[in-house]
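First the structure, in the form of structure tokens, and then the observations on it.
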Amino acid sequence: MKISVKTACGFLCSMAMHSMAFAIDCENEVQLSAVLKQADLSYSNSDLVDCKILPQQPNLQLIAYAEWRSEPHEPDVGDYVLSLIALDHQTDKVKDVYHVKESLVSDAISLESIQLDTAAYQLSLDLRAVGVRLNYHGHSQPNPFSMQLLNLYDLKNKRKVLDSLIVDLYRAETDTRCNADIEERKSMLIMQKTKTKNFVDIQLSSKIEQYEMYGDVENCKEIKRQSSRQKFILKFDGQQYRVPKQYKDDFVY
């Protein structure tokens, strides 16, 4: 009796497909609304959302939902309230909801989108944090600005353990035609072997590019590029990871 590889693969593939059968599409309003209803939330197209399967718990899909809440009588003024929803995508049932207390600011520098970050933020033997990246943009033509913030959340104990760390940054002063002074900064987090308060230390490593643009619209050139690096350690103080005092102004929003 022959057992073909194709048959075995077909069984495994069908199992894999079954495990993913109920993963919702975040862009599908009907599916998303049904899940939000279980979490006592209502869908609106003014809200921000992202969805990802949790690598360490592949039966769970995490949904980050930022609900826009405007000021009374001022629909364009307000902030976002974030909820993190764990959905068992095999049963289509919400397993847990974390309504984050702290709001997400959106003002002159507006919050445009959010992204779940499920990298291996293993803070202790039994805690792997989940990241949410917040993408902000300014709308000044003479002073274009954008940044990405990273928050880390402990879903088990429903608490934020890293708050508003600036990981990517772009800013410039320009005449809107060509001439400009520009700074770009991109950072990554590296988990360390050392610990503070039983949580691993985290190194932030940044690459910084500073340069100028010179000329006019038809002949615009880059000049005076300088590259540098910045590193420092984030340590847990029992409540949150803290940026060293000398770097707060540049790395905390």
Worksheet item: Using only Cα atoms, what is the ratio of the radius of gyration of the range 148-205 to 2.2 N^0.38 Å?
Response: 1.63
Worksheet item: Most fluctuating residue of Asp47, Asp163, Asp181 in a GNM of the chain with Cα springs under 10 Å: which is it?
Response: Asp181
Discussion item. Computed from the coordinates I sent, mean projected area of the Cα convex hull in nm² equals one of (1) 20.4; (2) 13.1; (3) 14.5. Tell me the label.
Written reply: (1)
Practice prompt. Any chance you could check the Cα centroid distance between the range 159-210 and the range 112-158 for me, in angstrom?
Written response: 11 Å
Worksheet entry | Three-way shape label, the range 186-225, alpha-carbon gyration tensor, a/c 1.5 | prolate
Worksheet item: What residue among Asn219, Asn151, Asn179 has the largest mean-square fluctuation in a Gaussian network model of the chain, using Cα springs under 10 Å?
Response: Asn219
Worksheet item: Relative to the first principal axis of the alpha-carbon coordinates of the chain, what is the inclination of helix 29-38, with its axis defined by its Cα atoms, in degrees from 0 to 90 and to the nearest 10?
Response: 70 degrees
Response to the item:
the chain: relative contact order from alpha carbon pairs under 8 Å, six or more residues apart, as a whole percent, is 10 percent
Discussion item. Which of rounded, prolate or oblate describes the range 61-211 when judged by the alpha-carbon gyration tensor and an a/c cut-off of 1.5?
Written reply: oblate
Worksheet entry | Label-to-label distance, nm, for residues given as Asp181 and Asp250 (7 Å Cα→Cβ offset) | 1.5 nm
Worksheet item: Quick one: helix 5-19 against the long Cα principal axis of the chain, what's the angle to the nearest 10°, folded into 0 to 90?
Response: 70 degrees
Fill in: MRE, 222 nm, helices only [DSSP H, n ≥ 4, -39500 (n - 2.57), over the chain, to nearest 500]
-3500 deg cm²/dmol
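Throughout, read-outs are computed from the coordinates displayed, never taken from laboratory work. What you are looking at is a predicted structure, and each value in this text was computed from that prediction instead of being measured. Because the Cβ atoms are built from the backbone with ideal geometry, glycine has one as well, and the counts that use them run over all protein chains shown.
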